[in-house]
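Asker: Following this message is one structure expressed as structure tokens.
None of the figures in this text is laboratory data; all of them are computed from the coordinates on show. Remember, it's a predicted structure, so these values are computed and weren't measured experimentally. All Cβ positions, glycine included, derive from the backbone under ideal geometry; neighbour counts span all protein chains shown.
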């Protein structure tokens with residue numbers, strides 16, 4: 001009988017540490033990122049997000065700890081790691097003296113793709129990122145969203161397995177931000193792994209399969225967006241009933257914390273989980289009362305961020 005081995009993670013890190021003089025920036029963080037997923041690293045300014053990306057992308061060494069990316073040891077095989085990754089930093093890295101096509105062809109040359117394959121790859125990416133019509137225009141005429149799309153296109157020239165996006169939508173308008181979200185979704189659908197740092201909590205909520213919260217150089221929480229939201233008190237279930245008698249019966253059975261007699265609603269504390277919801281419905285059945293409407297309210301990632309980082 002053959003057994004199927006679980007897929008190898010795209011990225012693992014154990015005990016990563018980094019200090020600058022007396023200041024500890026990373027204090028032994030552990031990370032595991034499955035292949036073909038979006039992993040978001042959240043944290044306040046100075047928490048160590050960019051330092052983490054710089055270490056994992058081989059730009060600076062860690063003081064201690066180990067990491068493997070795309071199957072390669074970060075310390076023993078940095079060249080192999082660089083060949084497998086792409087990095088889009090906080091600020092656009094395009095050359096303003098060149099056109100979009102020239103930027104992409106230059107990147108293809110740096111990847112030693114060869115003249116014909118390199119130009120084919122540049123044309124392919126210009127089309128994919130909707131830049132074909134402006135391919136020969138100077139970068140100085142581009143909007144922020146266009147520059148960001150070109151920046152990400154340049155990252156993809158070498159067909160990386162893992163892409164680090166360090167606050168990629170900073171300064172973009174909402175439409176450009178959502179355009180970039182769509183591109184990220186398409187990349188993941190193609191099997192690319194995205195390691196995202198962001199200050200936009202909605203961005204992490206929309207994109208990330210898993211989220212880690214970094215504060216003071218340590219991971220203080222990790223999980224899916226829904227799991228993190230359930231860590232924070234304040235979640236509740238709101239039920240609306242047909243009449244005052246049903247409301248009163250339900251309020252007694254459920255020990256409701258808030259009752260609105262005008263709206264015929266009752267609130268019950270809940271962590272938003274399935275078991276919590278099932279318990280409420282079972283107790284309603286036992287009391288022989290039915291709710292007309294039900295809604296589940298959980299804290300959002302803003303609440304999670306503020307509670308976990310102590311940032312008031």
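Asker: Please work out the Cα convex hull volume for segment 117-253 and give it in Å³ per residue. Spell out each step's value before the answer.
Answerer: On the way: hull volume 26.1 nm³, N = 137.
Output value, Cα hull per residue: 190 Å³.
Asker: Something else about it: At 10 °C and a viscosity of 1.306 mPa s, what translational diffusion coefficient does Stokes-Einstein give for segment 123-176, taking Rh as the Kirkwood radius over Cα pairs? Give it in µm²/s as a whole number.
Answerer: Values: Rh = 12.0 Å.
Stokes-Einstein gives a translational diffusion coefficient of 132 µm²/s.
Asker: Quick one: angle between helix 274-286 and the longest Cα principal axis of the chain, in degrees between 0 and 90, rounded to 10, please.
Answerer: 20 degrees
Asker: Next up: What length, rounded to one decimal in nm, is gained on full extension from residue 249 through to residue 30, with 0.36 nm per residue of separation minus their alpha-carbon distance? Kindly include the intermediate steps, with their values, before the conclusion.
Answerer: On the way: separation 219, 0.36 × 219 = 78.84 nm, distance 4.95 nm.
Once the chain is fully extended between residue 249 and residue 30, it gains 73.9 nm.
Asker: Right, here's the next one. Name all residues of segment 9-43 having a backbone nitrogen under 15 Å from the label point set 7 Å from the Cα of residue 231 along its Cα→Cβ direction, giving them as ranges.
Answerer: Output list for this probe position: 29-32, 40-43.
Asker: Same structure, new question: Under 10 Å, Cα contacts only: if you run a Gaussian network model on the chain, which one of 189, 35, 245 comes out with the highest mean-square fluctuation?
Answerer: 245
Asker: Rounded to the nearest 10 degrees, what's the angle between the helix 144-155 long axis and the longest principal axis of the chain, both from Cα atoms, 0 to 90?
Answerer: Approximately 70 degrees, to the nearest ten.
Asker: Taking only C-alpha pairs under 8 Å that are 6+ residues apart, what is the relative contact order of the chain in percent? Before the final figure, lay out the partial values.
Answerer: Numbers: 580 pairs, mean separation 59.8, N = 312.
Dividing the mean separation by the residue count of the chain yields 19 percent.
Asker: Just grab the label-to-label distance for residue 132 and residue 271, each label 7 Å out from Cα along the Cβ direction, in nm (one decimal).
Answerer: Using points 7 Å along Cα→Cβ, the separation is 5.2 nm.
Asker: Same structure again: Quick one: helix 244-254 against the long Cα principal axis of the chain, what's the angle to the nearest 10°, folded into 0 to 90?
Answerer: 70 degrees
Asker: Give the calculated FRET efficiency between residue 283 and residue 258 to the nearest 0.05, with a Förster radius of 25 Å applied to their Cβ-Cβ distance.
Answerer: On the way: r = 17 Å, r/R0 = 0.67.
Computed FRET efficiency for residue 283 and residue 258 comes out at 0.90.
Asker: Computed from the coordinates I sent, mean projected area of the Cα convex hull in nm² equals one of (i) 23.4; (ii) 21.6; (iii) 17.8. Tell me the label.
Answerer: Only one option fits the structure, namely (i).
Asker: Packing-wise, with mean Cβ within 10 Å as the measure, how do 215-227, 94-106 rank, highest first?
Answerer: Final packing ranking: 94-106, 215-227.
Asker: So which residue, out of 41, 56, 110, gets the largest mean-square fluctuation from a GNM of the chain using Cα contacts under 10 Å as springs?
Answerer: Of 41, 56, 110, the Gaussian network model singles out 110 as fluctuating most.
Asker: Given points 7 Å out from each Cα along the Cα-Cβ axis, report the residue 293 to residue 23 separation in nanometres with one decimal.
Answerer: Once both label points are built, they end up 5.1 nm from each other.
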